[in-house]
Structure formats: C-alpha cells, structure tokens
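I have placed the structure first, in the form of structure tokens, so that the comments after it can refer back to it.
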Amino acid sequence: MPSLRPSPEALLNPCIDPIFKILFTQESEESRTALTCFLSDILQKTVTDVVLQPNELSGEAFSDKQSEFDINCKIDGKIVNIEMQGQNNNFDYGKRAEYHVAHLLNHYTPKGKDWIDIPQVYQISVLNFIYDNKTTNAVNHYTLKTPESAKLEEILNVIFLELPKIKECSDDISKLTKAQMWGKFFLYASKEEKKDYIAQLAKSNRGIHMAVTVLKDVSQDEMNWYHESRYWMHVSDEISAHNAAVRMGHAEGLEQGLAEGKAKGLAEGLEQGLAEGKAEGKHETQIQIAKNMLAAGLDPKLISTTTGLSPDEINDLKN
C-alpha cells in the first residue's frame, strides 16, 4: 500500500485538529515543553506546571450540551482549554467559546468551595478564520467588563489567535511577538518552501524548536498521515453537502429541500440531496475540493489521493 506521506521530508499540518492535538499531547519532554512554552507565549506570563486533563466534560443533566476539547489542561492552578478551529460554523464561534469557558468553570469548581479559591479558566482558540473584523490585532483577550472597560474578576477568559491576520504580519522574525511566531509556525510548518524559515523560527523560540522536533517525529508515523487524510475527507464531505444544496436550485431548491425534509425527515432529505449532488456534479465537487487544498498549500500527490483527480488535472488547476 503506498504511503500517504507525500515525501520522506514532508511534515504534517498542525492547523488540522488531530495533528494539533497530537503535537502538544505526546508523552515526551519535547511535547510537554512545546505546550508549556506555547501557553507562556499566548498568556504572556511564565507557565511552569502543565497537567493534561480529560478532553470530554459531561453536563450535570442528561439534556446538557457536552464539551469535547482538543487539549484540556491545568496550569499553575488555572484551567485551560485549547482549540484549533478551521471553520466558523454558523458564524457563532464566539458563543461556543463562551459556553466552553463557562462549562470549564462549572466543571472544575466543587460545590461548597470558598469563592476566593475559584480558579481562573481560559478558552484559547487558534482560528483559521477572522473572528473580529473590528481590530487588526491577531491576538485578542476577552473578559467580562463594563462599557467603560472596567473589568470584573477576570475569572472567565477567552483568547483568540487569528491566523489570517498572522498572514498579513511581516515575516521578519525580529518584528514578531512570540505569539505571532506561533502563528507563523502553524501556517508554514507543513510547507516545503518555508523549511528554512521554520528553522529560523525554531532558533528564535525554544517552544517552536520543541514543536518542530515533535512534528518531525510524529510525521514518521503513517497513521498520523491517515488522520490528516481523514480530516480532508471530512472537509470534502462538507463541501459536497454544501454544493449539493446549491445545485438544488438556490432559493427555490433550498425551499423545496426544506419542504421535503419536513415531510420525509431531515436525514432522508439530506441523504437525497447528497445523492443528487453526487450524480449531478461529482467532478465539479472534486475540482473545488482540489482548489481548496491547493490554496492550503497541500502536496499535489495528497490532493490526487484524496479527490481522485489525476496528477495532470491537479497541475491544470495550478494555472
């Protein structure tokens, strides 16, 4: 069976959920150091004691929404959830972040605890989309405060690192903050043409040096390339579902699809839409997926394996 790894030197993409999680949760000194340094650089304070926690938190009642995190940990008495988020599904990621940070506080605060001992909780998200268009800052820290900017107790904290804004930052390492360096690492680590730049980042930031070491190690494991491939298949499924809905005829097709969904059940309606989309435009969907993967800087061989398009077709899309 051929390897999913495009080349012997290729590195996994840390902007993909499963790879991001693997990078920071390995049972190695390098992985622990990378996570500790990442948290120190994002929080702008020295972090010394990081303990990984279960990634799934249950609700108090069966009907409560559950929480599943990429990385959940305790640091120096504080609780931190770290997420890599590629899409702003339904444009409500801010609400999701607030729910997660509130759930963390509730879960890790035992009944009867003295209020003075309530832990600070942080929800840190690396976003591969722009959340806040009102500022050019790539790193934003949100807390409860008045319209006059008077803060409450800073128990609940949400921090977003927005990668598209990092792209606009200069690649001059001397002009980057430590948090911005991490953004460049996430964006460039898997790009062959940025190998020398990543090496320079690693020399300038100890945590990134450790992260590169871990990434090189986990990139030797074929199973991790399978996880990355499965991620892109999931993206393909979402794009296919979206395109199938569009092909049903814009407003009229959507209205018809909703009516059928109500009559036959949402699952049946979606299944019919996907079947029609596959029959009517499978090749167009493959092309769109390939374009998205090319734009993300992925290797043409991986794109060909994922989409089923020939190498010649992939090359034609580059022009």
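Take the solvent-accessible surface of the protein heavy atoms, probe 1.4 Å, and return the percent of it on the stretch 110-226 that carbon and sulfur atoms account for. Whole-percent figure for carbon plus sulfur exposure: 51. Amide H contacts under 5 Å for residue 83: 124, 125, 126, restricted to partners 5 or more places along the chain or on a different chain, H placed in the peptide plane at 1.01 Å from N. Estimated at the nearest 10 Å², the accessible area of residue 193 is 140 Å² with a 1.4 Å probe. Each residue of the stretch 104-163 gets 96 Å³ once the volume of the Cα convex hull is shared out per residue.
Per residue, how many Å² of accessible area does the stretch 1-54 show with a 1.4 Å probe? Don't skip to the answer; put the middle values down first.
On the way: 2710 Å² over 54 residues.
So the stretch 1-54 comes to 50 Å² accessible per residue, rounded to a whole number.
Highest mean packing comes first when the peptides 36-45, 174-183, 127-136 are listed by Cβ atoms within 10 Å, giving 36-45, 174-183, 127-136. Measuring r between the beta carbons of residue 109 and residue 129 and using R0 = 30 Å, the FRET efficiency lands at 0.40.
Can you tell me which of 145-158, 5-18 comes out highest on packing, and rank the rest after it, using the mean Cβ neighbours within 10 Å? Write down the numbers at each step before the final one.
Details: 145-158: 11.0, 5-18: 18.4.
Highest-to-lowest ranking by the protection proxy: 5-18, 145-158.
If packing is taken as the mean number of other Cβ atoms within 10 Å per residue, what is the order of 216-223, 118-125, 107-114, highest first?
On the way: 216-223: 14.5, 118-125: 20.1, 107-114: 10.5.
Listed from highest to lowest mean packing, they are 118-125, 216-223, 107-114.
Using the Cβ-Cβ distance between residue 222 and residue 291 with R0 set to 30 Å, the FRET efficiency from 1/(1 + (r/R0)^6) comes to roughly 0.65.
Send over a whole-number figure in Å² for the accessible area per residue of the stretch 72-141, probe 1.4 Å. All intermediate terms of the calculation are to be shown ahead of the outcome.
Values: 3760 Å² over 70 residues.
Each residue of the stretch 72-141 exposes 54 Å² on average to a 1.4 Å probe.
Taking the DSSP bridge list for the stretch 125-225 and keeping only pairs wholly inside it, about 60 percent are antiparallel.
The values are calculated or read from the model by the stated rules, or taken from the named source; none is laboratory data. A quick note: this is a predicted structure, and the numbers were derived from the prediction, not measured. Cβ atoms come from the backbone with ideal geometry, glycine included; neighbour counts cover every protein chain shown. Heads up: the accessible areas ignore ligands, DNA and RNA and are worked out on the full protein's heavy atoms, side chains in. Shrake-Rupley method; radii C 1.70, N 1.55, O 1.52, S 1.80 Å.
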